Amino acid sequence: MVGERRIGLLGLVWRLPFFLLALSMFAPYYWMLIGAFKTVQELMQFPPTFWVHRFTLNNFWDPTPTAPLHTRGLFQYFERLPLRFGTFVANSLATTAVNTVASLLIASAIAYVIAKRRVPGSNAVFLLILSSMMIPWPVTIIPNFLTVKNLGWVNTYVGLTVPGWVSSFAVFFLRQYMLSIPDELIDAARIDGAGDLRTWWTVVMPLIGPALAALGIFAMLGNWNSFVWPLIIVQDSKLATLPVAMAQLNAVMDSAMAYGVLMAGALLASLPTMAFFLAFQRHFVESIAITGIRA
């Protein structure tokens with residue numbers, strides 16, 4: 001009995017650093033969450049409070065913005081910008097959805113050819129794809145911008161989305177996953193008269209669903225939070241995404257009293273990513289576990 005208690009205590013001590021690490025990752029989100037619903041007085045209070053003493057929605061819409069210790073809410077601040085908050089959200093949703101779906105389809109098609117078709121030169125192509133993963137993304141900003149500019153895609157949805165359709169990591173990840181698919185399934189589809197396109201769509205794609213879900217989470221997070229590329233390509237506020245709009249919001253804030261407004265905007269910007277992850281977390285964990293074993 002004493003031995004079991006000692007083992008349980010050692011297990012708790014061993015897990016304590018991981019609990020502290022998880023707490024350190026959750027703490028900023030918790031601070032943003034409570035800050036979005038605090039009054040200006042409470043936000044400026046020192047020492048700070050670690051829970052909401054007086055709940056308010058004024059950081060989203062303040063009915064008395066000119067009163068002392070009051071400021072315009074999130075949606076009222078965006079009235080000073082050319083467009084409303086909903087337009088920026090719609091732009092982010094559209095670009096995120098298009099980029100995520102396109103990148104998954106293209107990466108899965110390339111991975112299928114490399115993993116299952118084994119055409120001449122496929123290994124060399126795969127090595128080139130792996131090599132491209134060693135190049136830091138900031139190095140490619142100028143060449144990508146010049147290419148988009150020469151194509152006339154600057155300040156367009158095409159220039160905003162198309163450069164994000166190909167991901168070397170996605171190709172590598174799906175290729176490793178597809179290697180675990182028995183070749184007999186591919187051969188059976190070909191015997192039944194299915195071409196490569198139909199085999200890829202009807203046989204391979206359903207089998208790599210967990211991997212697609214995991215990659216979808218990464219792609220969705222990356223595209224939703226993308227700031228540098230939209231900032232460079234977009235010159236018209238009608239095409240601006242939410243991160244760019246939040247930067248504009250920061251530029252038009254009147255004073256430190258508007259910190260709650262920034263927290264309210266950050267909270268709304270984080271909700272779609274949280275919802276997406278919670279909806280697909282089971283597939284995400286399953287894919288990571290299976291891919292790690294099979295690789």
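At 7 Å along Cα-to-Cβ for each site, give me the label-to-label distance between Val162 and Lys149 in nm.
1.7 nm
Sticking with the crude label model, points 7 Å out along Cα→Cβ, report the distance from Gln235 to Leu20 in nm, one decimal please.
So the two model labels end up 5.2 nm from each other.
For a quick check, take a GNM of the chain with Cα springs below 10 Å and name the residue from Asp196, Asp62, Asp187 with the largest mean-square fluctuation.
Asp187
If you keep only loop residues by DSSP, which trypsin sites (Lys or Arg not before Pro) in segment 93-185 have at most 13 other Cβ atoms within 10 Å of their Cβ? Don't jump to the answer; show the numbers that get you there.
On the way: sites: Lys116, Arg117, Arg118, Lys149, Arg175; in loops: Arg118.
Passing both the DSSP loop test and the Cβ count: Arg118.
Say we join alpha carbon atoms closer than 10 Å with springs in a Gaussian network model of the chain; which of Leu267, Leu174, Leu151 then has the biggest fluctuation?
With Cα springs under 10 Å in the chain, the top fluctuation among Leu267, Leu174, Leu151 is at Leu151.
Apply the Karplus curve 6.51 cos²θ - 1.76 cosθ + 1.60, θ = phi - 60°, to the phi angles in segment 12-26 and return the couplings in whole Hz, x for Gly and Pro.
5, 5, 5, 7, 4, x, 6, 5, 5, 5, 4, 5, 5, 7, 7
Which whole-Hz ³J(HN,Hα) couplings does segment 174-191 yield from phi under the Karplus relation 6.51 cos²θ - 1.76 cosθ + 1.60, θ = phi - 60°, glycine and proline marked x?
6, 4, 4, 5, 5, 4, 7, 6, x, 5, 4, 5, 5, 5, 5, 5, 5, 5
For the chain, set up a GNM with springs between Cα atoms under 10 Å and report which of Met205, Met134, Met246 has the largest fluctuation.
Among Met205, Met134, Met246, the largest GNM mean-square fluctuation belongs to Met134.
So for the pair Trp51, Ala188, with labels modelled 7 Å out along Cα→Cβ, what separation do we get in nm?
If labels sit at Trp51 and Ala188, their model points lie 5.8 nm apart.
So for segment 78-294, taking the charge dipole from beta-carbon charges (+1 Lys/Arg, -1 Asp/Glu), which of Leu207, Ile106, Ala219 sits furthest toward the positive end?
Positive-most Cα among the choices belongs to Ile106.
Neighbour counts of other C-beta atoms within 10 Å: give me Ile141, Ile135 arranged from fewest to most.
Ile135, Ile141
Rounded to the nearest 20 Debye, what is the dipole magnitude of the chain about its Cα centre when Lys and Arg each give +1 and Asp and Glu each give -1 at the C-beta?
It comes to approximately 240 debye.
Calculated from DSSP H runs of 4 or more alone, at -39500 (n - 2.57) each and per residue, what is the 222 nm mean residue ellipticity of the chain, nearest 500?
Computed ellipticity for the chain at 222 nm equals -20500 deg cm²/dmol.
Using 1/(1 + (r/R0)^6) with R0 = 45 angstrom and r between the beta carbons of Thr66 and Arg118, what's the FRET efficiency to the nearest 0.05?
0.05
Hey, what do the phi angles of segment 263-276 turn into as Karplus ³J(HN,Hα) couplings, whole Hz, using 6.51/-1.76/1.60 and θ = phi - 60°, x for Gly and Pro?
5, 5, x, 5, 5, 5, 5, 8, 4, x, 5, 5, 5, 5
Would you mind calculating the relative contact order of the chain from Cα pairs under 8 angstrom and at least 6 residues apart, reporting the percent as a whole number?
28 percent
Read-outs: derived from the displayed coordinates by stated rules, not from any lab. In this text, all values refer to a predicted model and were calculated from it rather than measured experimentally. Here the Cβ is made from the backbone with ideal geometry for all residues, glycine too, and neighbour counts use every protein chain on show.
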